[in-house]
Amino acid sequence: MRVLRVLRSPAFWVILISMAIATVVNVGEQSGYWSSSSSSANAGDRPALVKMATEPTIMREGAAMNEIKGKFRKVGDRYCFTEDGSNVTYKCLENIALQRVAASIQNEDRKLVWLITAKVTEFNEENFLLLEKAVRTR
């Protein structure tokens, strides 16, 4: 009798469902499903679960970014690069490659898409890009 009363209680079902959801979220985090470092190439192979918002992953000092498409924009006194299909924006360190990009951006009215090669630097838990090559794609 007591067991039937517990099974009929709405509070029991709320607690049970909450525990199940917490378990699914915990397993997803531990397996890296919601990590921002996973590749988007396998996204179609995954089950349709709700992705949780995570902070951008800090890349290691010296990491190479090869042939990445994206756009530059001026923010204050700095130029920033945003990769296509991503909302992650990197501040760019000043060098001759960035100077050439800045000159092109000032002379063009439209939003240019660039193909860049860069090295990643890190300072105060924030990544910066040191451009090695930047080529306009359109």
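The values are calculated or read from the model by the stated rules, or taken from the named source; none is laboratory data. Just so it is clear, the model here is predicted, and its values are computed rather than measured. Methodologically, a virtual Cβ is constructed for each residue, glycine included, from the backbone with ideal geometry; neighbour enumeration extends over all protein chains shown.
Points to keep in mind about this one:
- In this structure, LYS111 does not satisfy being at pLDDT 80 or above and either farther than 23 Å from LYS133 by Cβ or of a type outside the set (Ser, Thr, Tyr) (or both).
- In the stretch 80-138, residue surrounded by the fewest Cβ atoms within 10 Å (Cβ to Cβ) [restricted to those that are among the small types (Gly, Ala, Ser) and in a helix (DSSP H, G or I)]: ALA103
- Looking across the stretch 90-124, the residues that are in contact (Cβ under 8 Å) with a residue 40 or more places away in the chain and of a type in the set (A, V, I, L, M) come down to LEU112, VAL113, LEU115, ILE116, ALA118, VAL120.
- In the stretch 53-88, the residue that is farthest from GLU126 (Cα to Cα) out of those that are among the polar types (S, T, N, Q) and at pLDDT 90 or above is ASN66.
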